[in-house]
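Right, one structure below, let's go through it.
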Amino acid sequence: MASIVQNLRPESQTLVTAKEEMTIQEALKLMIEHDFSQLPVVDDDFKLRGLVTSDSILRTVSYFKSTLDKIKVSHAINTVKTCREDDELSELLNGLKDSSAIPIVDKSGKLIAIVTNYDTTEYYRQRAEDMMLAEEIETTLRDYIESAYKNDQGEPDQEALQSAIEDITPSGNELRNKFKQAVCKYLDLAGQMPPSPNQSFIDAVFMQHLYKPITIQPIEKLTLFDYIQLFKNVWDRYQTAFNGLEWEMINKVLDEVRQIRNAIAHFREVSPNQRKQLKFCSSLLDRHRFILEEEASLSNAIAPAIDDEQLSSVIVEASPHATEGLQEEFPPIDEEIGLNESRYAPLAIWLQTQTGTHQKNLLLSFEQIEKIIDDKLPPSARQHRTWWANDSVSHTQSQQWIEVGWRVSSVNMREERVVFSLMGDRQSAYITFFNELQPKLQDIDGLTVKLANNPQGQSWICFEISSAEHPEKTWLNFAFARKSRFRLELYIDSGERERNKYVFDKLHTYKAEIESNLGEHLSWERLESRRASRVALYRENVSITNESEALMDLRNWAAKMLPQFYRAIVVHLKIATEI
């Protein structure tokens with residue numbers, strides 16, 4: 001935050017003032033002409049007398065019940081708090097809580113400027129834009145770096161990337177050598193330098209007081225300085241795309257940006273010229289990236305057709321519950337989105353339906369994304385590439401697609417299109433998890449459990465269940481759901497909405513008995529805006545990205561709950577599906 005009022009004062013300002021002897025009508029005319037809601041009132045020496053505002057005018061006219069030409073400015077003047085240019089900014093902000101404007105005066109009380117709520121908003125808007133530009137440059141550098149270390153699947157090679165980061169991380173030996181040089185320099189200056197310093201003594205002191213284990217940071221936690229060092233090491237790869245620009249030249253630009261970024265981080269003022277430098281660097285990096293994008297992932301991405309029927313329900317095929325036979329594929333991931341959920345949740349659900357379709361790169365236009373979310377993207381999505389950054393901490397939008405196993409691999413801001421790429425490790429993790437779950441379920445005593453679909457890297461799996469008491473088939477699913485949840489579910493979808501809702505409602509009449517037999521509370525999801533319905537048992541705070549021990553525990557939970565869930569619901573399901 002700026003420390004004094006001078007930093008917030010408008011750079012150029014034409015002061016329009018009123019005099020006490022003016023009529024309210026004259027003052028109001030000035031306010032309308034200049035589109036002001038207030039005017040400072042000054043005397044002949046330009047010393048501040050107060051402030052006349054639209055509110056004070058209305059109030060005065062109402063009280064006097066007279067015409068505007070008969071009331072003077074002095075009758076409607078408000079006393080107002082003033083500030084000096086070297087006052088703490090907090091003083092001005094406190095004053096703006098009670099007034100729409102604060103006059104700035106000199107030592108003698110003469111008016112030199114006026115600061116309004118608009119000025120403060122504009123000031124902080126500009127600072128926010130500075131921060132976004134600096135972040136945009138960091139994000140772009142990171143994209144260049146990760147692109148240089150992509151593997152054959154088009155994803156960042158984490159092992160190679162980590163090795164590159166390790167190369168730029170100061171080692172313990174470097175710090176130890178610097179410490180030795182400092183000690184020797186001190187002893188030399190003090191005239192106490194021995195012929196050959198005892199290295200073991202120096203090492204012992206260093207280890208006791210200065211040594212810290214070196215931690216190799218992941219790329220998302222590196223500083224801008226680190227990104228510049230990594231970019232330097234891969235510059236040969238990009239120099240042609242930058243029309244032969246020498247590293248020393250771009251390094252000067254990036255180093256200036258680093259210093260400006262540090263100023264922003266420490267709430268120091270950014271000059272207009274520094275702001276221009278940020279914009280120049282951001283434009284330079286972004287402009288040359290388009291050349292690379294056209295030659296890389298954009299050409300390999302599939303542009304899927306998105307129709308209204310697909311958006312109205314994410315179900316591609318009908319589920320077999322309460323019908324004969326089994327459709328080949330039916331992703332049971334339909335959800336209703338709560339009023340307080342992110343507007344980008346429909347995008348996550350749509351992307352989740354694409355998992356397992358063998359399409360690893362999906363090209364979407366901004367317009368298509370707006371169709372999916374049934375809402376407009378914010379202006380920043382079209383203005384700042386950082387909006388599309390894969391940030392799982394501070395960006396609501398990217399949290400949605402990352403959670404379901406997709407990431408943004410390329411964005412063309414000019415043509416308004418983005419490539420989402422499937423995280424390969426996520427897909428293989430689903431396959432491994434469900435492959436290891438199957439034997440546990442097939443070993444359940446008293447149940448016949450058969451795989452009903454091929455888990456080709458999808459986030460869900462379906463099993464066909466039967467028993468000696470109930471030989472008819474029942475289909476139950478396991479699925480990794482959004483919001484870090486895993487569920488065991490009865491997914492009701494006969495292909496006909498009315499029948500699905502009938503079966504659900506009938507089953508719901510047995511809710512108390514079913515939950516009592518199960519010993520757990522269930523989630524009863526009628527899904528009013530969807531064709532299907534669901535009865536589910538959730539396990540919270542789990543994800544396919546959990547450690548192996550946690551995933552093993554989840555599989556054990558699934559094997560334990562499946563027979564209990566089946567036996568608690570199968571009798572009532574049979575009754576509900578009889579017509």
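Bear in mind that the values in this text are calculations on the coordinates, not laboratory data. Everything numeric in this text was worked out from a predicted model, so none of it was measured. Cβ sites come from the backbone with ideal geometry, for glycine too, and all protein chains shown count toward neighbours.
What pairs from Lys501/Lys574; Lys70/Lys110; Lys376/Lys501 go past 20 Å between their alpha carbons?
Lys70/Lys110; Lys376/Lys501
So, in nm, how far is label Lys279 from label Ala160 when the simple model puts each one 7 Å beyond its Cα toward the Cβ?
Taking the two extended label points, one gets 3.8 nm.
Using only Cα atoms, what is the ratio of the radius of gyration of the chain to 2.2 N^0.38 Å?
Relative to the rule-of-thumb radius for its length, the chain sits at 1.36.
How big is D for the range 134-297, in µm² s⁻¹ as a whole number, if Stokes-Einstein is applied with the Kirkwood radius of its Cα pairs at 20 °C and 1.002 mPa s?
Answer from the Stokes-Einstein relation: 114 µm²/s.
Show me 458-469, 62-73 ranked by packing, highest mean number of other Cβ atoms within 10 Å first.
Top to bottom by mean Cβ count within 10 Å: 458-469, 62-73.
Mean residue ellipticity at 222 nm from the helices of the chain, using -39,500 (n - 2.57) per DSSP H segment of n ≥ 4 over the full residue count, to the nearest 500 deg cm²/dmol?
-14500 deg cm²/dmol
Among the lysines, which fall within straight-line cross-link reach of Lys440, defined as a Cα-Cα distance under 19 Å, with same-chain neighbours fewer than 8 residues apart omitted?
Lys450, Lys560
Pop out the ³J(HN,Hα) list for the range 484-494 in order, Karplus 6.51 cos²θ - 1.76 cosθ + 1.60 with θ = phi - 60°, rounded to Hz; leave Gly and Pro as x.
In residue order, the calculated couplings are 6, 10, 10, 9, 9, 9, 9, 9, 9, 8, 8 Hz.
Check the straight Cα-Cα distances from Lys107 and name the lysines below 17 Å, setting aside those fewer than 8 residues away within the same chain.
Hits, sequence-local ones excluded: Lys47, Lys81.
Could you bin all the Cα-Cα distances of the range 5-109 into 5 Å bins starting at 0 and give me the percent of pairs in each, rounded to whole numbers?
P(r) over the range 5-109, rounded to whole percents: 2, 12, 22, 23, 19, 12, 6, 3, 1.
Quick one: angle between helix 548-577 and the longest Cα principal axis of the chain, in degrees between 0 and 90, rounded to 10, please.
60 degrees
Lysine pairs in the range 134-297 with alpha-carbon atoms under 25 Å apart, 8 or more places apart or on different chains: how many are there?
Lysine pairs, 8 or more places apart or on different chains, close enough: 15.
Going by alpha carbons, how many degrees (0 to 90, nearest 10) lie between the helix axis of 158-168 and the longest principal axis of the chain?
Tilt of helix 158-168: around 30 degrees.
Along the charge dipole of the range 426-577, pointing to its positive end and built from +1/-1 on Cβ of Lys, Arg, Asp and Glu, which listed residue (Gln456, Pro439, Met561) has its Cα farthest out?
Of the listed residues, the answer is Gln456.
P(r) of the range 51-156 in 10 Å steps, Cα pairs, percent per bin?
Reading upward from the zero bin: 12, 25, 21, 15, 10, 9, 6, 3, 0.
What is the projected area of the convex hull of the Cα atoms of the range 351-445, averaged over all directions, in nm²?
Taking a quarter of the hull surface, the average projection is 7.8 nm².
What value in Å³ per residue do you get for the convex hull of the alpha-carbon atoms in the range 426-577?
Expressed per residue, the convex hull around the Cα atoms of the range 426-577 is 114 Å³.
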